[in-house]
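The block underneath contains the structure these notes are about, expressed in structure tokens.
The values are calculated or read from the model by the stated rules, or taken from the named source; none is laboratory data. The shown structure was predicted, so the numbers you read here are calculated from the model rather than taken from an experiment. Heads up, the Cβs are rebuilt from the backbone with ideal geometry, glycines too, and the neighbour counts pull from every protein chain shown.
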Amino acid sequence: MFLIQFNEKYYEKYFIDVLQQSKIPITFDEKEKYFSKIEIIQQSREIIIKNNQTSLKLAMPCLVENFFSNLMNIFLDFKVNCQNSHFYPINNLIIFQNQKTVLGDIHNKILTSLILYKNTGIDKFDLYKKIWPLDKDYQINKLDTHLSNFKNILMSNIKFEIQFSSSKGIIKLN
């Protein structure tokens, strides 16, 4: 999840609909959990796109395609350090000791949630709802199976032993 902020309401109105149609998990609400804030700043004759890892300047006028291409590069290049590994949430990629593995969507959602809620942990029911929002009946054993499979895949593919624990229905990275 990425927080998007604009300094100009004109651009915000223009781009909000387009950004929400993308597959990138974004929010415009500071109260939600997010990996990084991406600021889109219009200054005199340029647009600046920046987060805590990258800053890009685009001369105005610029093509919409150029703007979105650069914004997408910021999303794709964004990484989070997690227990001595590098996690690229948009690429579903985790790298540990120069070995890479691509996560499936469910495992990517699990790791994303564990990282976003690393301080407090996440309730298993809330995690279940994030992964399978259309399910009417909650089957926590289904989630537990995916958590075990997630650990096993990381260990077998890249020899990474991710550490998380569950207590009183709250799952948390160690």
Item to check | Single match in I47, I106 (criterion: out of contact with any Cys (no Cβ under 6 Å at 6 or more places or on another chain), in the same structural domain as I131 (by TED's automatic domain parsing) and aliphatic (A, V, I, L, M)) | outcome: I106
Checklist entry - Where residues in the range 40-97 are among the charged types (D, E, K, R) and part of a strand (DSSP E or B), which of them is surrounded by the most Cβ atoms within 10 Å (Cβ to Cβ)? => result K50
Checklist entry - Could we say that L134 is farther than 30 Å from R45 by Cα and not in a helix (DSSP H, G or I) here? => result yes
Checklist entry - If only one of Q21, Q83 is over 30 Å from F164 (Cβ atoms), of a type outside the set (A, V, I, L, M, F, W, C) and within 18 Å of the chain's Cα centre (by Cα), which one is it? => result Q21
Checklist entry - Residues in the range 114-135: is at least one more than 22 Å from T27 (Cβ to Cβ), of a type in the set (V, I, T), touching a Ser or Thr at 6+ places or on another chain (Cβ under 6 Å) and modelled with pLDDT of 95 or more? => result no
Checklist outcome for this item: Only one of (1) surrounded by 17 or more Cβ atoms within 10 Å (Cβ to Cβ); (2) more than 22 Å from P25 (Cα to Cα); (3) among the charged types (D, E, K, R) does not apply to K142, and that is (1)
